[in-house]
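To keep things clear, I will list the structure first and then write my remarks on it.
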Amino acid sequence: MYKTTIFAEGVASIQRYLSERENSTRTFEKYLEACKSLEAFYFLENIQHYETDANKRYRIHVDTLVKKGEISERQGRHYRRFSLMMDDFYHDRPFQERYQTGKQYKYRLSEDSSQWVDKFLKSLTLAESTIPSAGTIARSFFYFLEQNNLAVETMMTEKNLVNFLNFKHTENKNSMEFVLYLFRKLLQFLKASGVPINGMELVSYKAAASRRKVLPAIDSCDMELLLKYPDRETAIGKRNYAILLLASCSGMRCMDLANLKQEQINRREKSIVLVQHKTNQPLSLPVNQETLDALDDYLTHARPNSSLPYVFLTIFAPYRKLQSQSIQAMFIQNLRAAGIEKKAYDGKSFHAFRRTIGKWLLESDANTEMISQVLGHRNQNVLQRYLPLASDILRECALDFTYAPVTTEVYK
């Protein structure tokens, strides 16, 4: 093992921390590599002991190496994290689960424009979760002005405002109503700040209704292929099979699957009782015996030995709750590996399980109240998006041309 000299105490403390979090040996080896890199930097700088300023310069040095391609982005993250952990150790601070590397904005603004954005955000009385979105709209607006050499105080014309909305439409086609709402707030703030605006009638504009296309459900053949693909002889295969089978029979949302706890599975009643993440409403779902057997197989033979209450965990240490993004990625990976064609925006996402359940229930003549309860919808009108999937039912409702004969002139 590499013997450190300058940071011996810090490395020992980090090793204990990683061991307590059940990190793998490979992870600790990566931190030792980071230690070598940091000590080499100290040697070149002729520094014999830990210095906070030297650590800051080292992180800038690491960023330069990443940009030049001399080390990978992943290596850079480990090097920066090790340096930040050293800062915490030598300042008697606890190690953090995650280290923030600073805000990385998509739109880089001048100092004057940044000050406008800061003032706008401070003036808002919106929900805390909405503030970042408002900041994005404001930054993109001032970025648009700067890129077109337009001054805030003199170029607030209707033409420029409309051009900005057209620019945003290319990025936010499906959320223009929300964009307009936040843009109104920004224009009202600028007007209240004394900026003359020619085109304030834009605040009354409404976004055009979105043209929703009917996204597909998963047909029986694809469902069979999808459930056959996971290798149920391996730990990851048992876990993935249990997730896919549970989603296919319950229609649970991805986030609810990620948050599912062992105590929420009622084997005696063959049900799962949970509070939905999206609606914060309680929901009880029936689960068949096959799905319960798959869950038991995973929990007994494949789930890591961890005190975490969640059902689905990562396979490798440090063991954590499986995130919804990981479940989505697993679904896409299994979909393609099973030979099912996947194209961008074709609707073949994890949410397709919910559309499939909605379609099956419609075709089995279930009433709308029952379907809403199973899918966890607060508004029964949401079911309208599932109706086009039930083509057999729609076919029964279709009218023929018996009483409205079609003449040849129609086709001329």
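Derivation of every value follows stated rules applied to the coordinates shown; laboratory data play no part. Since we're looking at a predicted model, the values are computed, not measured. Don't worry about glycine lacking a Cβ; one is built from the backbone with ideal geometry, like all the others, and counts go over all protein chains shown.
Some observations on this one:
- Taking a ≥ b ≥ c as the square roots of the eigenvalues of the Cα gyration tensor, the range 8-90 is classed as oblate, since a/c reaches at least 1.5 and a/b does not exceed b/c.
- Gyration tensor verdict on the range 111-204 (Cα atoms; rounded if a/c is under 1.5, prolate if a/b is larger than b/c, oblate otherwise): rounded
- Listed pairs K30/K261; K159/K348; K36/K68; K278/K342; K67/K278 exceeding 29 Å between Cα atoms: K30/K261; K159/K348; K67/K278
- Long-range amide H partners of S271 with built H, under 5 Å: N266, V287
- For the range 56-192, the gyration tensor built on C-alpha atoms gives a prolate shape. Its axis ratio a/c (a ≥ b ≥ c) is at least 1.5, and a/b is the larger of a/b and b/c.
- F43/E97 FRET efficiency (R0 35 Å; Cβ-Cβ; nearest 0.05): 0.70
- Across the range 233-241, rounded Karplus estimates of 3J(HN,Hα) from the backbone phi angles (6.51 cos²θ - 1.76 cosθ + 1.60, θ = phi - 60°) give 8, 10, 5, 5, x, 4, 5, 5, 5 Hz, Gly and Pro being marked x.
- Residue-wise HN-Hα coupling along the range 7-16, computed from phi with Karplus coefficients 6.51, -1.76, 1.60 (Hz; x: Gly, Pro): 10, 4, 5, x, 5, 4, 5, 5, 4, 5
- Neighbour cut-off at most 15 other Cβ (10 Å), DSSP loop, chymotrypsin sites (Phe, Trp or Tyr not before Pro), the range 276-323: F316
- Here the Karplus relation 6.51 cos²θ - 1.76 cosθ + 1.60, evaluated at θ = phi - 60°, turns the backbone of the range 185-197 into coupling constants of 4, 5, 5, 5, 5, 5, 5, 5, 8, x, 7, x, 10 Hz, with x for every Gly and Pro.
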